[in-house]
Amino acid sequence: EPAPVPEPVALTPLEQLAEMAFSGERYSSPQLYRALRRAGIDVRREELDLLYLYYGYATQRDTSIRLTLEELVDWASSLAGNPLVEDYLDDDTRAQLSGLQPLLDSELGMLRGDVWSVAVIVSDLPPEGERTFAFLDSVQTQCRTQFSAPCYYVGYSMMYKEMKEGFPRELLLLTLLTVGAIFLIVALTFRSAVVPFLLIPTVMSAVWLNVFASGLGGEPLLYMAYLIVQSILMGATIDYSILFTQYYRIARLSLDKGESLKVAYRRSFHAILTSGLILVLTPLLMTFVVASPMIATILRCISIGAATAIVLIFFVLPATLVIMDRWVARRS
């Protein structure tokens, strides 16, 4: 299950101002005054009230008029060059009024383009969950209905939705490729189609037990971590199974099952334990020094998975070889 991430950062004052302009909603003089001041635009309250009053008088003779941000900026820009009021405006005020339109265009330019435009959707839904995914489905449906051109979606919630939908397919593909490659190599090495069916489930069991232990302990296993851990463990620990099985098959040319197991243990124990402990201890120690939670999770899973694989090879694989001796043992 993907690990939760921090809530999205709140919009900056300039982003809020751009959102107000993009929404097309009408705002009162106090609302726009607060938004402009928060965005760092030095405008005086009485000047803004005067603009509203003059606009209402000149257009509809309504002093309670509400304006969109674009309407206010267009009106203010035209007012700065109006000869009827230019005598009442000082140079700073005139410069501020003239600079409102370029400022608005630059902010809206971040959302609107000649080829692409950006729409920002803000909600109080959690980053992931059934309600969130249902909401995203409705957004995608509306976009396909309303727009003829393709739409692209970004954000934490959309990323989680794509991971949820694509993880089973990608996991299956990765597992088939890994198992297929290992099956081919083991089959060619032993010249047998039976031996790979015994070795691969042993190593895969270590991966599954690792995931089960993580879930049982309440520790989330990240999406990418699971794919990486499975690939590394399958490739690294299959060698231990091959080594033990090879010694067993060679010994079975002249010895019985029990003695062959003793020979396989004696000849492979040191090599498997030495390499296995390196694969177990090195990632485990690195988890105490790395700062990234994702990397620490991958290292911890590799360590636990390798330890599980070693235990299965020493205690489960031998019994499997004895049971399947008829198909495993080499014949002279």
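The values are calculated or read from the model by the stated rules, or taken from the named source; none is laboratory data. Since we're looking at a predicted model, the values are computed, not measured. Reconstructed Cβ throughout: ideal geometry from the backbone, glycine too, with neighbour counts over all protein chains shown. Side chains are part of the model used for accessible areas, which takes the heavy atoms of the whole protein and leaves out ligands, DNA and RNA. Shrake-Rupley method; radii C 1.70, N 1.55, O 1.52, S 1.80 Å.
Table for the structure above
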| item | result |
| --- | --- |
| Those residues of segment 284-332 which are of a type in the set (Ser, Thr, Tyr) and surrounded by fewer than 14 Cβ atoms within 10 Å (Cβ to Cβ), in sequence order | Ser292, Ser332 |
| Index of the failed condition, Glu219 passing every other in (1) among the acidic types (Asp, Glu); (2) modelled with pLDDT under 90; (3) within 24 Å of Leu198 (Cβ to Cβ) | (3) |
| Number of positions in segment 31-43 that are more than 21 Å from Ile121 (Cα to Cα) and in contact (Cβ under 8 Å) with a residue 12 or more places away in the chain | 8 |
| Residue tally, condition closer than 14 Å to Val328 by Cα and either open to solvent by 90 Å² or more (accessible area, probe 1.4 Å) or hydroxyl-bearing (Ser, Thr, Tyr) (or both), over segment 257-274 | 1 |
| Residue in segment 121-137 that is touching a residue at least 60 places away in the same chain (Cβ under 8 Å), touching a Phe, Trp or Tyr at 6+ places or on another chain (Cβ under 6 Å), surrounded by 13 or more Cβ atoms within 10 Å (Cβ to Cβ) and not in a helix (DSSP H, G or I) present | yes |
| Only one of Glu46, Glu19, Glu15, Glu25 that is exposed (fewer than 12 other Cβ atoms within 10 Å of the Cβ), over 30 Å from Glu165 (Cα atoms) and modelled with pLDDT of 75 or more | Glu46 |
| Filter result (in a loop (DSSP other than H, G, I, E, B) and either open to solvent by less than 60 Å² (accessible area, probe 1.4 Å) or modelled with pLDDT under 70 (or both)) within segment 49-83 | Gln60, Arg61, Asp62, Thr63, Ser64, Ile65, Thr68, Gly81, Asn82, Pro83 |
